[in-house]
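Take a look at the following structure, please.
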Amino acid sequence: MSAILPLLQLLRLASPGLPIGGFSYSQGLESALELGLVHDAASAQQWLHDVLQGPLCRFDAAMLAQMLQAVADGDEAALAQLNQRYLASRDCREQRQETIQMGYSLRQLLAGLPEGQSMSWPDGLGHGEICLPTAWALAASALGIARQEAVTALLWSWLENQVMVLLKAMPMGQSAGQQLLSALLPTLAEAAELAVSLPAVQHSNFAPGLMWAAMKHETQYSRLFRS
């Protein structure tokens, strides 16, 4: 197998063109814009920096790292337990619906790809509710993507989608969006490294401001996004 194939699969998994619906969610950012918490490039950078360094790195990506290890170890019971823990961690209805919908879509996508034909889904995850990080871990394994790269890809996918939200809803110009990405890439790199090394006892999704914004979105009168 070509050494470049895992890189190509990595680019595919992290692509905004992956048909799992990520473009339709803002994960609370649309509410932050509506509430005036994010209103320009500087406040957008601070918001994304804080989410990256906080719950996204210390819980979502850290949980993914654990899930990837469980897949590598063939520990289906641990993977199922981690899946349930992640689902239970969603603090509002829209967040739970989002991860379940995207996890389902990624599972369906894999089922239709040649790389996924030989996959054996763990008991309880083949047809039950599966969160996006769990599906991502199984997809990374099927596509031959290493643990650190898979975690980094999830973080990149999130960040790129958040910038796309700003382009549509703030609005922000495309060049300004690229400048924002440049400013946050070092933060993303640090987050990816920390997520893989963070002990499980230090995992935390505590982010009351983000959760408040996400909950406010459920009753927001006018909106472009589903969360």
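The values are calculated or read from the model by the stated rules, or taken from the named source; none is laboratory data. These figures come from a predicted structure and were not determined experimentally. Neighbour counts are summed over all protein chains in view; Cβ atoms, including those assigned to glycine, are modelled from backbone coordinates with ideal geometry. To get the accessible areas, we keep the full protein, side chains included, count just its heavy atoms, and leave off ligands, DNA and RNA. Shrake-Rupley method; radii C 1.70, N 1.55, O 1.52, S 1.80 Å.
Would you check if Phe59 is part of a helix (DSSP H, G or I), open to solvent by 60 Å² or more (accessible area, probe 1.4 Å), closer than 21 Å to Gln101 by Cα and hydrophobic (A, V, I, L, M, F, W, C)?
no
Given the options Gln53, Gln95, Gln45, name the one that is part of a helix (DSSP H, G or I) and either open to solvent by less than 30 Å² (accessible area, probe 1.4 Å) or more than 22 Å from Ala191 (Cα to Cα) (or both).
Gln95 is the lone residue from the list that is part of a helix (DSSP H, G or I) and either open to solvent by less than 30 Å² (accessible area, probe 1.4 Å) or more than 22 Å from Ala191 (Cα to Cα) (or both).
Another one. Between a first residue in the range 148-176 that is farther than 15 Å from Glu34 by Cα and a second residue that is among the acidic types (Asp, Glu) and open to solvent by 60 Å² or more (accessible area, probe 1.4 Å), which pairs have beta carbons less than 8 Å apart while being 6 or more apart in sequence or on different chains?
Taking only residues 6 or more apart or on different chains, the pairs are Gln148/Glu193.
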